[in-house]
Amino acid sequence: MSQDLNQNNPQSTPQGQNSYQNSKKNNNNLIFGIIIAVLAIIIIYLFIDRNKRNNENQQLSVQVDSVTLDRNNVKTEYDAALARLDDLVSKNSALNTEINDKNGEIAKMKEELKTIMNKKNATASDLARARKLIDELNAKTKGYEERIAELEGENKNLNDANTNLTKERDSTVTENVGLQQKVRLGAVLHTSNIRMVPIDLRRGGKKEKETEKARRVDLLRIYFDIDENRIAENGTKELYLRITGPDGKLLSNAAYGSGITTTADGASLNYTLQKQVSLQQNQPVKDVMIDWHQDSDYQKGAYAIEIYNDGYKVGGGSVTLH
């Protein structure tokens with residue numbers, strides 16, 4: 001009976017035991033193989049999915065960069081179009097009302113463009129719309145420029161005609177002014193024989209003596225002649241004298257008659273003394289005399305004198321004190 005049982009149970013024999021162990025080992029190897037295959041499939045899937053996601057991210061990044069670049073380009077075109085329009089208005093104020101009318105076509109285009117450009121997440125469709133509006137805005141601007149050029153051409157023709165008339169008028173005026181200037185210059189007096197004499201006053205001013213010593217000078221006496229003039233009209237003429245000391249400074253004291261006049265070109269001219277002379281046309285005036293007093297002592301050195309009439313320098317001279 002026991003022998004029969006052993007025969008029915010293969011594991012009870014050595015051969016059976018080996019066969020069972022080999023079968024179990026094969027089953028384990030199969031399970032391990034399946035697990036490894038599943039893991040390999042999972043790893044491959046994850047690797048493929050990762051690469052797919054990376055590609056999608058790269059494509060998305062490229063798309064974002066492309067939209068950003070496109071937005072920047074549109075922004076540049078938008079700024080250029082507005083600058084062109086503003087420049088047009090600055091050069092022609094008559095267009096200001098028409099271009100900046102809040103209910104006008106250009107104002108509406110500018111408002112829509114502003115809305116698009118202020119969008120943080122503007123789409124490609126938005127940017128395409130902005131480009132279309134910019135093209136329309138540039139077309140409007142070009143139309144205005146052509147209108148202005150046409151008007152400027154007409155104005156140029158009118159200006160040329162006016163310029164020719166102005167030149168003819170100015171030529172006539174210039175001739176008249178030239179004649180008037182010649183007459184005015186001809187009427188300017190001319191002085192000659194200019195002398196400046198240092199005077200030493202003695203006996204309380206009752207006696208005068210010429211001197212060259214600076215420490216003894218009490219006053220400077222100026223003599224000059226006025227040459228005959230055939231153009232100057234009869235009457236009282238004003239002459240202005242400037243006396244400059246050795247230090248190059250003008251001798252001046254308002255209490256003794258110093259003041260300010262103007263030259264022929266309108267510049268201010270400080271003078272030391274003023275002298276009025278009665279003149280008869282075509283007759284000279286001899287030995288016109290005028291004295292200069294000053295409170296301070298006279299310095300050693302050269303004293304220069306200039307005489308002006310009607311804004312022009314008409315003579316000069318000097319004297320040296322020792």
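The values are calculated or read from the model by the stated rules, or taken from the named source; none is laboratory data. Please read these numbers as outputs of a predicted model, since none were measured by experiment. Don't worry about glycine lacking a Cβ; one is built from the backbone with ideal geometry, like all the others, and counts go over all protein chains shown. Note: areas computed on protein heavy atoms with side chains; ligands, DNA, RNA excluded. Shrake-Rupley method; radii C 1.70, N 1.55, O 1.52, S 1.80 Å.
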- Once you list every other residue whose beta carbon is under 13 Å from the beta carbon of GLY257, what net charge do they have if Lys and Arg are +1 and Asp and Glu are -1? 0
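Fully extended, how many nm does the chain gain between LEU39 and ASN159 (0.36 nm per residue separation, minus their Cα-Cα distance)?
Working: separation 120, 0.36 × 120 = 43.20 nm, distance 9.28 nm.
Computed gain between LEU39 and ASN159 is 33.9 nm.
Multiply the residue gap between THR236 and ASN282 by 0.36 nm, knock off their C-alpha separation, and tell me the result in nm, one decimal place. Could the numbers behind the result be given before it?
Values: separation 46, 0.36 × 46 = 16.56 nm, distance 1.42 nm.
Residue separation times 0.36 nm, minus the Cα-Cα distance, leaves 15.1 nm.
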- Message: Which lysines, if any, have their Cα less than 20 Å from the Cα of LYS132, not counting same-chain residues under 8 positions apart?
- Response: LYS75, LYS108, LYS110, LYS114, LYS119, LYS120, LYS140, LYS142
- Task: Determine the gain in length on full extension of the stretch ASN118-LYS167; use 0.36 nm per residue of separation and subtract their C-alpha separation, reporting nm with one decimal.
- Result: 12.0 nm
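So which trypsin sites (Lys or Arg not before Pro) in segment 239-322 pass both tests, a DSSP loop state and at most 15 other Cβ atoms within 10 Å of the Cβ?
Counting only loop positions with at most 15 other Cβ atoms within 10 Å, the trypsin sites (Lys or Arg not before Pro) in segment 239-322 are LYS249, LYS300.
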- Query: Taking only protein heavy atoms and a 1.4 Å probe, what accessible area per residue, in Å², does segment 245-290 have with all protein chains in place?
  - Reply: 60
